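Right, one structure below, let's go through it.
The values are calculated or read from the model by the stated rules, or taken from the named source; none is laboratory data. Just so you know, these numbers come straight off a predicted model, no measurement behind them. Neighbour counts are summed over all protein chains in view; Cβ atoms, including those assigned to glycine, are modelled from backbone coordinates with ideal geometry.
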Amino acid sequence: MKTQLSAGAALAVAALVVFTVWIDRRAKTLEETMIGGARKPALSGKTAPDFLLPALDGHTVSMADYRGKKKLVVAFWASWCGPCRSEMPALGRLYAAAHKPDSDFEVLAISVDDDRAAAAGFAEQMKISYPVLLDAGMKASDAFQVESIPTSFVIDPSGKITYAKVGYAPGEEMIVAQQLGIRDYMPFRGGMNVRRGN
């Protein structure tokens, strides 16, 4: 006896197949470009787009919250991304060594994970102490023209992207520290020798 799917069930199966193919291609593109080497992101030197994203702690965060007040490091990542497993703790060491409540910079880690639990688990496992934002719909990553992860931006208080990079290599947080005006940051010595200034 043959079983036929109802029209609604057939439509649901078709939608699931289309979504699976789309998400698989998107992940593959991100991973292939990540492996292919670092390129300069398209928005380098331009004004950063605004975003409004939920944070793991329940707050909603916008880039506008920091405009005119602080420099930002905006790092796009995902729990399944191998290089992100190195970059996020490296940014954490910089943050722990140089960030104070009255600091003139903030680090925002934007997860492109579809699953909030995966992002939360990664953040907990990596002991991320800076704000973690959720971009499951990839609106912010699309606005920033992120083609692979990790991709990071340093944004000045006026909203201009002053530094951008794709990928991660050990020690790159020293470049980020310099972009933030943090001198003498030594990540391999625990980041304890930190001076502010140009």
| message | So, D113, is that one under 18 Å from D65 (Cβ atoms), buried (at least 17 other Cβ atoms within 10 Å of the Cβ), under 13 Å from the mean Cα position of the chain (by Cα) and among the charged types (D, E, K, R) or not? | response | no
| task | Those residues that are part of a strand (DSSP E or B) and crowded, with 19+ Cβ neighbours inside 10 Å, I need them from segment 147-167; list them, please. | result | T151, S152, F153, V154, I155, I161, Y163, A164, K165, V166
| Taking the condition under 14 Å from L56 (Cα atoms) and in a loop (DSSP other than H, G, I, E, B), does S129 pass? | yes
| query | When you look at G92, is it in a loop (DSSP other than H, G, I, E, B) and either in contact with a Phe, Trp or Tyr (Cβ under 8 Å, 6 or more places away or on another chain) or at pLDDT 90 or above (or both), yes or no? | reply | no
| said: Any residue in segment 76-100 that is more than 17 Å from Q125 (Cβ to Cβ) sitting within a Cβ distance under 8 Å of a residue that is at pLDDT below 90 and hydroxyl-bearing (S, T, Y)? List the pairs, counting only those 6 or more apart or interchain. | reply: L94/Y185; A97/Y185; A98/Y185
| task | Considering only residues that are within 19 Å of T151 (Cβ to Cβ), of a type outside the set (D, E) and touching a helix residue (DSSP H, G or I) at 6+ places or on another chain (Cβ under 6 Å), look in segment 168-187 and name the one that is surrounded by the fewest Cβ atoms within 10 Å (Cβ to Cβ). | result | A177
| query | Quick one: would you say L53 is under 16 Å from the mean Cα position of the chain (by Cα), in contact (Cβ under 8 Å) with a residue 60 or more places away in the chain and assigned to a loop (DSSP other than H, G, I, E, B)? | reply | no
| field | Residue in segment 54-89 that is farthest from V176 (Cα to Cα), counting only those that are small (G, A, S) and buried (at least 19 other Cβ atoms within 10 Å of the Cβ) | value | S79
| task | Identify, by number, the condition in (1) outside any loop (DSSP other than H, G, I, E, B); (2) in contact (Cβ under 8 Å) with a residue 12 or more places away in the chain that A117 doesn't meet. | result | (2)
